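Just so it is clear, none of the values below were taken in a lab; they were calculated from the coordinates. Everything numeric in this text was worked out from a predicted model, so none of it was measured. Here Cβ is always computed from backbone atoms with ideal geometry, including for glycine, and neighbour counts include all displayed protein chains.
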Amino acid sequence: MNGLCSPFNPSGCEWERNGFRTWSWQSGEVPDCQRNKRNPYDIPELLARLDAWVAREVPLHHATLRPGVTDAALDALEARQGVTLPPALRALYRWHDGGDLFGLEFLSLEHLEFNRVSWAEIAADRMTDLDEDIVSHPPGAIRLLYATGDWLPFLHDGGGNHVALDMHPGPAGRVGQVVTTGRDEEHRFVLAPDLETFLREYLRRLESGRVTVRRLSGFHDETWSVRLQEPGGRAPDGYGVLADLFPAFGAAPEHMDTGWP
């Protein structure tokens, strides 16, 4: 395991583990060695490369990606919801307004707002007994709440579970961190300290070939799967928790554990 100085996490400690990049989750400032250093590529270039990869490798998925929204639409959502969208999220939705991406459903801006409101309404019902089963990975990073209106869900598994930006994290977390959450996600994982880091790591896995793309059988319509590989090259079917779809991202496990509740 090799420690690398990194601009992508709170402590500056990035670890390369069997060729898979992860981040430590200590609090603190970005170290001086990384201040004012340019990222390997900025968000527009990152999204352009992601677009090119999907168009080349999974054209059927690329065809589902809708045209991006306007700044006016993003401003209107901010005004309605009383939230400031992180710049990377605004860039993501200016690029495309949802489709099949990241091995899940990339929600449209309309459905991001709908799901945020839905979780806020559930939270308002004060079903605090459901909070007792929530576990944060790493500890203290995610508040132990079954539901809150402080998530911005941008990915969906079709079953009530999301990958979201957490705008009100726990004491050990960061505003805007990328987390797993949902009705079946008692174990919640921080996947990245921010959306830009999440997007960069996802693209890195794709471009380095640590992904399995295959056509699925048993479907009437042509259906394809895009699954990131675990260390060792395995891309298992199914998942126990959403973090299994993003092996070794942040606090996510390296390998799928079928023992999750």
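So here's what we get for this one:
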| quantity | calculated |
| --- | --- |
| Rounded, prolate or oblate (a/c below 1.5 giving rounded, otherwise prolate when a/b exceeds b/c) for segment 180-261 by Cα gyration tensor | oblate |
| Neighbourhood net charge (11 Å Cβ-Cβ; Lys/Arg +1, Asp/Glu -1) for residue 150 | +1 |
| Segment 64-128 shape via C-alpha gyration tensor axes, a/c threshold 1.5 | oblate |
| Electrostatic dipole magnitude of segment 41-245 [Cβ: Lys, Arg +1; Asp, Glu -1; Cα centre; debye, to 20] | 620 debye |
| Relative packing of peptides 199-205, 230-236 - highest average C-beta neighbours within 10 Å first | 199-205, 230-236 |
| Extension reserve of the residue 57-residue 135 stretch, reckoned as 0.36 nm per residue once the Cα distance is removed | 24.4 nm |
| Efficiency of FRET between residue 45 and residue 216 - r from beta-carbon atoms, R0 25 angstrom, step 0.05 | 0.20 |
| Inter-label distance, nm, simple model (7 Å from Cα along the C-beta direction), residue 204/residue 128 | 4.1 nm |
